[in-house]
1. Calculate the dipole size of the stretch 1-145 relative to its Cα centre from +1 charges on Lys and Arg beta carbons and -1 charges on Asp and Glu beta carbons; express the result in debye to the nearest 20.
2. I'd like to compare 289-300, 78-89: which one has the highest average count of other Cβ atoms within 10 Å, and what's the full order after that?
3. For the residues CYS244, CYS269, what sequence is obtained by ranking on other C-beta atoms within 10 Å, fewest first?
4. Please give the peptides 127-134, 183-190, 218-225 ranked by average Cβ packing (other Cβ atoms within 10 Å per residue), highest first, as a rough proxy for protection.
5. Using DSSP to call loops (not H, G, I, E or B), can you name the chymotrypsin sites (Phe, Trp or Tyr not before Pro) in the stretch 1-34 whose Cβ has at most 16 other Cβ atoms within 10 angstrom?
6. How about the stretch 240-271: which trypsin sites (Lys or Arg not before Pro) there are in a DSSP loop, with at most 15 other Cβ atoms within 10 Å of their Cβ?
7. Along the positive direction of the dipole of the stretch 1-82 (beta-carbon charges: Lys, Arg +1; Asp, Glu -1; about the Cα centre), which of LEU39, LEU22, ALA64 reaches farthest?
8. Roughly how many nanometres apart are two label points built 7 Å out from the Cα toward the Cβ at ASP132 and LYS206?
Amino acid sequence: MNLAEIFVRPVHPSEEQRFQELMQRHHYLGSSPKISETLWYVALWQEQWIALLSFSASALKCAARDRWIGWDVRHQFDRLKLIVNNSRFLILPDWHFSNVGSRILSLCERRLNQDWQKVFGHPVVLLETFVDPQRFQGTVYKASNWLCVGQTKGFRRIRYGYTTTASSPKMVFLKPLHPNARALLCGAILDPPYRTGGTKMKLKAKQMESLPSFFAHIPDPRRAQGRRHRLSTVLAIAAGASLCGMRGYVAISDWAKSLGQAARRRFGCRWVKNRYVVPSMSTIRDVLIRVNPADLDQALQRWNQTYAQEDESLALDGKTMCNAIDDQGHQTHVLSLVGHQSKICYTQKKWGPCL
């Protein structure tokens, strides 16, 4: 078999059913659906399918990987899209020849970044994969110069969090696609090609629990009749969604609906029929429109002072408030000072045009 005749390409939509059937039949984990950002590849030799590969979104948590990179939770949440997981690698029966696996991996590594940018609009700087040591030794990855950086703890993600008991730990392999992958992922400022979205952070459980207390003393502008959610809960959810990158009432509401029961409990949501319920979009909008902006700003500043950390660099960001018109008919402008590492707004200044 001439290895130079092997090539890889993305699976065409018309071939996806065949891909899934072969994966289900021959891979010990079976097939997996396309969730979030996923690309499927097929390796061919003389028009015959010889191997199947799936690349998908990176693991949300992996201590061995995160230690190797050296980033913290703030950077991690904002830059996980720059890492891609090789979630499936199947060499089909009758094609287990020497060096076939490492040849196929090498071909995928060469084209993955370009394919990912074309489909999903952003580059990839690091590949990861998990190998079950009870079944394999990771020989193909070692031969392809992937780095074994440790093992997982053995916990598996499920619908409402993670399993309570550890099962079989997996070996963690990494392959940088960028010569300075670690420095890039940990840097204070990402170069424009690697920015995957607006400023956002990941809230910790302690931060979720503390947010409502910062809004507890704000007067509620709503009538007492018909209140279903505490003002502090509504404001805490709106603030949490904004910190995590949500913009607009619809996005904030969708973020609230995506919260698990544990997160809803931390925000102080209502307990109805054996579950915590979040405020509706109309409730969130009504509260944000009617609450005193000065009280809200002071509460947020107190929260910032409590959780702010030293930043290596700061950024100035100016916005024009499209629908905020003063008595003279001028639009209001807001200048914010934001820390690059913490993503925290330290102060804001509102002003109008010079006359």
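1. Numbers: 17 positive and 14 negative charges, 67 e Å.
With only Lys, Arg, Asp and Glu charged at Cβ, the dipole is about 320 debye.
2. On the way: 289-300: 14.4, 78-89: 21.3.
Highest-to-lowest ranking by the protection proxy: 78-89, 289-300.
3. On the way: CYS244 18, CYS269 24.
The most exposed by this proxy come first: CYS244, CYS269.
4. Working: 127-134: 17.9, 183-190: 15.8, 218-225: 11.0.
Taking the mean over residues of other Cβ atoms within 10 Å, the ranking is 127-134, 183-190, 218-225.
5. On the way: sites: PHE7, PHE19, TYR28; in loops: TYR28.
Answer by residue number: TYR28.
6. Working: sites: ARG247, LYS257, ARG264, ARG265, ARG266, ARG270; in loops: ARG247.
Those that pass, being in a loop and sparsely packed, are ARG247.
7. Towards the positive end, the residue furthest out is ALA64.
8. A separation of 3.7 nm, rounded to one decimal place.
Readers should treat all values here as calculations from the given coordinates under stated rules, not as data from a laboratory. Note that the coordinates shown come from a computational prediction; the quantities given were computed from them, not determined experimentally. Reconstructed Cβ throughout: ideal geometry from the backbone, glycine too, with neighbour counts over all protein chains shown.
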